[in-house]
Amino acid sequence: MIENNKEVKKTNIGGQALIEGIMMKGPQKIATAVRTPQGEIVIRKNSIKPIFNAKFFKLPIIRGSFVLIDSLVNGVKELMYSAEFYGEDYEEDPLDKFLKRVFKDKADTAIIYASVIIALFFTVGIFILAPTFITNLAKGLIKNTFILNLIEGIIRVGFFVLYVILISRLEDIKRVFMYHGAEHKTIYCYEYGEELTVENVRKYSTLHPRCGTSFMINVMIISIIVFSFFGWPNPLARFFIRIATLPIIAGLSYELNKYVGGCEGENIFTKIITYPGFLIQKITTKEPDDSMIEVAIAAMKEVIPENGEDDRW
């Protein structure tokens, strides 16, 4: 990242890379900018309508899981919107067809929530449950429960890194990762108070501490610590413990990301915390071209609040 003498304004504006586009979420609005096959940038704006809006859902630790679900729902919704511009290239799958027949005029909402549920089942199954059952094979050789939990955590991280490496080889995903880089660069440029131009944005890093990739790595690291408190019971008990403690782990990971993202300047603690996430972000973010940066800037400008303090941590 470029060092300069300007005051850094840590923003809570975040985003997500889409199919040839970027979604930015500010304090009041969500804006999605998509580069159409014709080369123009189309922007869609919506007011933020949280799914979980009661005060209880905004309490520290508790809020992490609900923010995650809210982000997944909005992310899938905007991903579907961006895919509409490339409909000929993205074939409708059997599940979508089934949901459209069953729910008809509410099919889009059904598809969004079905996608989120499937994604959560996939994530829990592959990255939470599979590693614990694989590690159980070594239970006869290793008696120390912390070591068993550590091995489980290493397998979990290994699965995640392998998954990221494999999908990064897909051509469509390579472009999504480039848009991901454009998103981070644009947020940095805004935080450093520079005018949002392609030239200014390009100077900044593609690695950002509040990235979802870093959140996932934090979840995996924190899970090692949390799971260790419960020892190494039988497989069924471990299954329920892993599921029951996920909201706590997600909550702690969210608060950690929020803390690091809001810190003014770096220190030893923040460097240690962000290092693992930054390593994986070197895979999930790539240097964008100028046209991608233009899309990120277009989305960003739509969500910047009129009151410059509204998006501060």
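The values are calculated or read from the model by the stated rules, or taken from the named source; none is laboratory data. The model shown is predicted, which means the values in this text are computed figures rather than measured ones. Heads up, the Cβs are rebuilt from the backbone with ideal geometry, glycines too, and the neighbour counts pull from every protein chain shown.
Of the residues making up the stretch 219-239, those that are touching a residue at least 40 places away in the same chain (Cβ under 8 Å) and over 12 Å from residue 156 (Cα atoms) are 227, 228, 231, 232, 235, 238, 239. Screening the stretch 254-295 for residues that are of a type in the set (S, T, N, Q) and in a loop (DSSP other than H, G, I, E, B) and picking the one that is surrounded by the fewest Cβ atoms within 10 Å (Cβ to Cβ) gives 267.
For the stretch 43-51, indicate whether the set of residues that are touching a residue at least 60 places away in the same chain (Cβ under 8 Å) and within 21 Å of residue 301 (Cβ to Cβ) is non-empty. Yes, because at least one residue in the stretch 43-51 is touching a residue at least 60 places away in the same chain (Cβ under 8 Å) and within 21 Å of residue 301 (Cβ to Cβ).
In the stretch 1-59, of all residues being at pLDDT below 90 and of a type in the set (D, E, K, R), the one that is farthest from residue 271 (Cα to Cα) corresponds to 49. Looking only at residues of the stretch 225-238 that are out of contact with any Phe, Trp or Tyr (no Cβ under 9 Å at 6 or more places or on another chain) and part of a helix (DSSP H, G or I), we find that the one that is surrounded by the most Cβ atoms within 10 Å (Cβ to Cβ) is 227.
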